[in-house]
Amino acid sequence: MKQKPWSGRFKESTDRLVDEFNASISFDRRLYRHDIRGSIAHASVLADAGILTDKEARKIIEGLKAVEKEISGKRFAFTPEMEDIHMAVEQRLTEKIGTLGGKLHTGRSRNDQVALDLRLYLKDEIYAIAGLLHEFKKALVDVAGDNLDCVMPGYTHLQRAQPVLLSHHLLAYYEMFKRDTGRLLDCLERMDELPLGSGALAGSPYDLDRRLAARLLGFSRVTENSLDGVSDRDFVLEFMSAASIIMMHASRLSEEIILWSTQEFSFIELSDAFSTGSSIMPQKKNPDVAELARGKTGRVYGHLFALLTTMKGLPLAYNKDMQEDKEPLFDAVDTLKDVLIVYPPMLRTMKVNKEAMFSATSKGFLNATDAADYLVKKGLPFREAHRAAGAAVAYCIEKGITLEDLGLDEWRGFSRLFGPDIRKAVSIKNSVDARKIYGGTALETVKKRLKAVKNEIKKGIS
Ligand code: ARG
């Protein structure tokens, strides 16, 4: 078996059990491109500092590119003795170009290397996720546009409350996902610092141009403190909390999709292509995609908590515990992307049952607030108006009728201020149209917002 690069002070070789327990190669191999990108920049910085000749740097860089090709071409056999991706790449480089490969690790440590790789990886993933969120937002906006004037019950406490437009409801999710994109871009901005040069913990003793490395790798800044540079995993936690919030939003939408596709609601029907059946009940058509999206939310929260817990007792600087950052992060990234990919086509292909949504607004006294507001407009204080409208509701419940069924005499029994125009005032259409206030559900208002939102979408990821 090959000697470990760090075996100098050891008399015995590592136990096989320890090799297996210690190794991260089975999962951190995912970082190979970023690891090699970092190493290529480091080789250039070493040459710039006169530690490598230009020729040596060139040979190392060519070797690194060849290793990358082997790995991407699946011609590279990973084994647990390689420990992690950093050592695997270096070892293969040395096999290919000889002892010169051993110069690459000058002035750096795996501690600043892994902090770098993870940042490079996460920056790429955040761009990818922001792109997927953009597609999600587009789908919401398109479905809202296709159903602009569709009226449905709005709920509070899951009790029918006031009528709203489905488009307004869907655009509420647009606003959430827009903030989510902002959160991702905020944390991207904060993680945009190069940790390379921190060395193991105290800083590299070589005169390396960290700003050159930052430029080569596309970082805006360099980290200010070497201990912090290798110890910081806030950027992973920040991403995972942003990811958790995105999942929470997708989960709330999922809950609604699931409810709305029940026989009881029948507000929507998912397409066959985005539903599944039952192995026993022939009639079943289940919203598994939405349920899984809701279920996977727990998984992403779990990863956030796993890493928060791992980090909470760690003294500075690097501790091996921190190797436990990768699996939760990778799974959070994968899970989030899976949800964001499957959702937009599910939304685009669902059938909206306009009639069912509208007819659901006829029961439940969603216009009771409008009856109270009618009285306010006639000069009654809102509290008194609320009481009068409440009495009308109680009367209707007793008689098994709706507010629309009341005759003028009956209305006037609750307040002398009711006039013949009360019938129009409590129509569902009027209830929606009355909410012209900026941010409200009136058709004109939602149309304006939709137009603005479409422009935001056109401008690209924001
Ligand atoms: N595989 C390690 C990790 O993921 C790399 C850093 C190891 N550093 C060390 N000093 N053992 O955290």
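The values are calculated or read from the model by the stated rules, or taken from the named source; none is laboratory data. As the structure is a computational prediction, the values presented were derived from the model and not from experiment. A quick note on method: Cβ atoms are made from the backbone with ideal geometry, for glycine too, and the neighbour counts reach across all protein chains shown. Protein only, heavy atoms only, side chains kept; ligands, DNA and RNA dropped before computing areas. Shrake-Rupley method; radii C 1.70, N 1.55, O 1.52, S 1.80 Å.
Out of every Cα pair in segment 80-228, what percent are spaced more than 23 Å from each other? For segment 80-228, the share of Cα pairs beyond 23 Å comes to 58 percent.
Ligands, DNA and RNA are left out, and with a 1.4 angstrom probe the accessible area of segment 72-144 is 33 Å² per residue.
Dipole orientation for the chain: of the candidates 251, 427, 386, 427 has the Cα lying most toward the positive pole (charges on Cβ; Lys, Arg +1; Asp, Glu -1).
Highest-first packing order for the peptide set 376-388, 211-223, 83-95 is 83-95, 211-223, 376-388, based on the mean count of other beta carbon atoms within 10 Å.
Legend: translational diffusion of the chain by Stokes-Einstein, Rh = Kirkwood radius over C-alpha pairs, 10 °C, 1.306 mPa s; D = 60 µm²/s.
Using θ = phi - 60° in the Karplus curve 6.51 cos²θ - 1.76 cosθ + 1.60, the 3J(HN,Hα) couplings for segment 366-378 round to 5, 9, 5, 4, 5, 5, 5, 5, 4, 5, 4, 4, 8 Hz; x is entered for Gly and Pro. The tail of the calculated P(r) for segment 1-65, taken as Cα-Cα distances beyond 14 Å, holds 70 percent of the pairs. Segment 54-116 and segment 345-372 have Cα centres lying 61 Å from one another.
The Cα-based radius of gyration of segment 379-450, divided by its Kirkwood radius, gives an Rg/Rh of 1.06. Shape descriptor for segment 256-311: Rg over Rh equals 1.19 (Cα atoms; Rh from the Kirkwood inverse mean 1/r). Full extension of the chain between residue 72 and residue 410 gives 113.8 nm of extra length, using 0.36 nm per residue less the Cα-Cα distance. Got the relative contact order for segment 44-101 handy, in percent, Cα pairs under 8 Å and 6 or more residues apart? Rounded, it is 35 percent for segment 44-101.
Cβ-Cβ distance of residue 186 and residue 316, R₀ of 30 Å, FRET efficiency by 1/(1 + (r/R0)^6): the value works out to about 0.75. Largest accessible area first, the listed residues 160, 33, 110 line up as 33, 160, 110 when surface is computed with a 1.4 Å probe on the assembled protein chains. Of the Cα atoms belonging to segment 192-288, the radius of gyration and Dmax stand at 25.0, 72 Å.
Only protein heavy atoms count here; on that basis, with a 1.4 Å probe, residue 103 has an accessible area of about 80 Å². Eigenvalues of the alpha-carbon gyration tensor of segment 317-459, scaled by 5 and square-rooted, set the equivalent ellipsoid semi-axes at 48, 19, 18 angstrom, largest first. When both segment 396-414 and segment 139-157 are represented by their alpha-carbon centers, they are found 30 Å apart.
According to the calculation over all Cα-Cα pairs in segment 226-365, the P(r) per 10 Å bin from zero is 11, 31, 24, 17, 11, 5, 1 %. Note on exposure: 269, 70, 175 ranked by accessible area (1.4 Å probe, complete protein assembly) read 269, 175, 70, with the most exposed listed first.
Pairs of C-alpha atoms in segment 334-375 farther apart than 17 Å represent 61 percent of all such pairs.
Charge dipole (Cα centre; +1 on Lys/Arg Cβ, -1 on Asp/Glu Cβ; no other charges) of segment 185-333 amounts to roughly 180 debye. Dipole magnitude for the chain: about 1040 debye, using +1 per Lys or Arg Cβ and -1 per Asp or Glu Cβ, origin at the Cα centre.
In the structure displayed, which of 138/424; 123/326; 363/436; 74/326; 178/320 lie more than 26 Å apart, Cα to Cα? Cα-Cα > 26 Å for 138/424; 178/320; rest within. Of the whole protein surface, residue 204 contributes about 30 Å² of accessible area at a 1.4 Å probe radius. Calculated [222 nm] ellipticity per residue, helices only, for the chain: -19500 deg cm²/dmol; basis is -39500 (n - 2.57) per DSSP H run with n ≥ 4, divided by all residues, nearest 500.
So the label point goes 7 Å from the Cα of residue 135 along Cα→C-beta, right? Which residues of segment 428-462 then have their backbone N under 19 Å from it? Zone members listed by number: 457-462. For the chain, the relative contact order works out to 16 percent when only alpha carbon pairs closer than 8 Å and six or more residues apart are counted.
Using a 1.4 angstrom probe on the protein heavy atoms only, could you order 231, 359 from most to least accessible area?
Order by accessible area, largest first: 359, 231.
A Cβ-based charge dipole, computed about the Cα centre of segment 6-98 with Lys and Arg at +1 and Asp and Glu at -1, lands at about 400 debye. For residue 354, the solvent-accessible surface with a 1.4 Å probe is about 90 Å², rounded to the nearest 10.
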